[in-house]
Amino acid sequence: MTHAAINDGELLRTALVGDVTSPVLGVNPYDVTADGVPFVPVGAGGICYTVAAGSPAAGWAADQVEPGASIANPDAAANEALLLHACVGNGVAVRTGAAAGTRGVVTGKHEAFHAYKHVLVHLERDALEAVVPGDRFVVHAMGRGMNVPELPELTCHSLGPELWAAWSPELVNERLRALVTRVLAPEVVGMGSGRVSGATSVALQSGADAALDGLRIGDLVAVRDWDATYYTGYHEDRVTIGVVATGDSPVLGNGAATTILLSGPATAFDLVADEGANLARLLDL
């Protein structure tokens, strides 16, 4: 039983720029819950002081609340690159504003169809209090192109080598023994199914499965019979592992946005349930 190696000697470390965003709303501010009740969505974009990795995903008067600071590049094409290349666990440096010189960590990505695409950054509380929308962050991106040489059938997405080292999956009998907080049925996947896998987030539908009870932001979760090799969708005997990046949603078919980390055949995995498989513990946030 050994720690599974990755091709870390081949991975590039590059700098990407994102600015702290501000929340955006349309002319009509209302969305509608699964029960048909209008509400004003809050929690996406800008800075949130209330939730962080380890916080409950449910129970907030919000719609997919994004923990910490949400960043994006104001140039659309550059933002696509930021979203694709930044990986969970990557280091972030604050370069402008009152918090300049402090450092953070990428904890996830969140995409709302035709609305926004954000990279989510954890900062220590004092630094977070000092940040304002418009401050510039530099992401030290690394992880795109990662693979597990002894298990070439696995595909990595948005998985930084920093998280891999902390997570420490092991190679046991030619299978990847990996800690996750829970294994979910494919029916839990709502919005995001059918998208390109490289940078998208998918929603774990509220109320779809009692197995979502107690879900936390930062949880590593597995979905059985679901594939994210290139596109996302139902596929028997496949497994996808992701990290819960945002809070829950009251919208039908929506839920906690989950950033895709790893996907492959079920026979390549040996999944072990462990409540400690959360970014708060793994990355000491």
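The values are calculated or read from the model by the stated rules, or taken from the named source; none is laboratory data. Note that this is a predicted model, so its numbers are computed, not measured. No Cβ is skipped: glycine too gets one built from the backbone with ideal geometry, and neighbour counts run over all protein chains shown. Each accessible area value is taken on the protein alone, full model and side chains, heavy atoms only, with ligands, DNA and RNA left out. Shrake-Rupley method; radii C 1.70, N 1.55, O 1.52, S 1.80 Å.
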(request) Report the accessible area of Trp226, computed with a 1.4 Å probe over the heavy atoms of all protein chains in place, in Å² rounded to the nearest 10. (result) 10 Å²
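With the Cα gyration tensor of the chain giving a ≥ b ≥ c as the square roots of its eigenvalues, does the rule (a/c under 1.5 for rounded; else a/b larger than b/c for prolate; else oblate) give rounded, prolate or oblate?
On the way: a/c = 1.68, a/b = 1.17, b/c = 1.43.
Cα axes put the chain in the oblate bin.
Report the charge-dipole magnitude of segment 1-116 in Debye, nearest 20, computed about the Cα centre from +1 at each Lys and Arg Cβ and -1 at each Asp and Glu Cβ. Could the numbers behind the result be given before it?
Numbers: 4 positive and 10 negative charges, 81 e Å.
Using Cβ point charges on Lys, Arg, Asp and Glu, segment 1-116 gives about 400 debye.
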(message) Looking at the chain, identify the longest residue range that excludes and avoids all GluC sites (Glu not before Pro) in DSSP loops having at most 15 other Cβ atoms within 10 Å.
(response) 1-123
(message) Quick check for you: which residues of segment 168-190 have the amide N under 20 Å from the point 7 Å beyond the Cα of Asp274 toward its beta carbon?
(response) 168-184
(message) Quick check: at a probe of 1.4 Å, how many percent of the accessible area of the chain sits on carbon and sulfur atoms?
(response) 54 percent
(message) Quick check on the chain: helices-only [θ] at 222 nm, where DSSP H runs of length 4 and up contribute -39,500 (n - 2.57) each and the sum goes over total residues. Nearest 500, please.
(response) -2500 deg cm²/dmol
(request) Decide, for segment 237-285, between rounded, prolate and oblate: order the square roots of the alpha carbon gyration tensor eigenvalues as a ≥ b ≥ c, take rounded if a/c falls under 1.5, and otherwise choose prolate if a/b is larger than b/c, else oblate. (result) oblate
(request) Report the label-to-label distance for Val40 and Thr96 in nanometres (one decimal), using points 7 Å from each Cα along the Cα→Cβ vector. (result) 2.9 nm
(request) Would you work out if segment 182-285 is rounded, prolate or oblate? Take a ≥ b ≥ c from the square roots of the eigenvalues of the alpha-carbon gyration tensor; rounded if a/c is under 1.5, else prolate when a/b is larger than b/c, oblate otherwise. (result) rounded
(request) State in Å² the accessible area per residue of segment 91-181; use a 1.4 Å probe, count heavy atoms of protein chains only, and round to the nearest integer. (result) 42 Å²
